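Here the structure comes first, spelled out in structure tokens, and everything after it is commentary.
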Amino acid sequence: MADKLMILLVDTDPFDGTTLVTIVSQATVAAAMEFDVELLLTGQCWVLAKENMARSLELPAENGRTVADLLHQAHEAGVKIKVCPPPHTEWSDGFLEAIDETVGNAYIISEAMDNDTVIFTY
């Protein structure tokens, strides 16, 4: 059995709060089950790592909670959150405190080839 779960958010609409809640909840539950869990924000979803963006996106039916709140809760549960911005991308605002690391494409490929890692892609 694999020891690690990597959840790649790559094609998910970063503005679809209902879908984000579902996916991040899966990561949080897996961490609570004591699996090593990484949530990797890449593709169009890398913008969710940006402090200003994550704080401005409210989640539907969540009483004012934002994407930033959702990611901080997952991080507190043990989910490692990483971001892989597109190459040569510049950003003016910083990342959320919940972001553990910035990684590149080689990291994603390396993890995908590891037999001890299961990857869910959304």
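Could you tell me whether segment 105-112 includes any residue that is among the aliphatic types (A, V, I, L, M), surrounded by fewer than 16 Cβ atoms within 10 Å (Cβ to Cβ) and in contact with a strand residue (DSSP E or B) (Cβ under 9 Å, 6 or more places away or on another chain)? Taking every residue of segment 105-112 in turn, at least one turns out to be among the aliphatic types (A, V, I, L, M), surrounded by fewer than 16 Cβ atoms within 10 Å (Cβ to Cβ) and in contact with a strand residue (DSSP E or B) (Cβ under 9 Å, 6 or more places away or on another chain). Which ones in segment 42-65 are under 15 Å from the mean Cα position of the chain (by Cα) and either without any contact (Cβ under 8 Å) to a residue 24 or more places away in the chain or in a helix (DSSP H, G or I) (or both)? Those that are under 15 Å from the mean Cα position of the chain (by Cα) and either without any contact (Cβ under 8 Å) to a residue 24 or more places away in the chain or in a helix (DSSP H, G or I) (or both): Gly43, Gln44, Cys45, Trp46, Val47, Leu48, Ala49, Glu51, Met53, Ala54, Arg55. With respect to the conditions (1) surrounded by 14 or more Cβ atoms within 10 Å (Cβ to Cβ); (2) in a loop (DSSP other than H, G, I, E, B), Pro86 falls short on a single one, namely (1).
Ala68 fulfils the conditions (1) assigned to a loop (DSSP other than H, G, I, E, B); (2) small (Gly, Ala, Ser); (3) within 13 Å of the chain's Cα centre (by Cα) except for a single criterion, (1).
Values quoted throughout were computed directly from the atomic coordinates according to the rules given, and no laboratory measurement underlies them. Quick caveat: nothing in here was measured; it's all calculated off a predicted structure. As a convention, Cβ positions derive from the backbone with ideal geometry for all residues, glycine included, and neighbour counts pool all protein chains shown.
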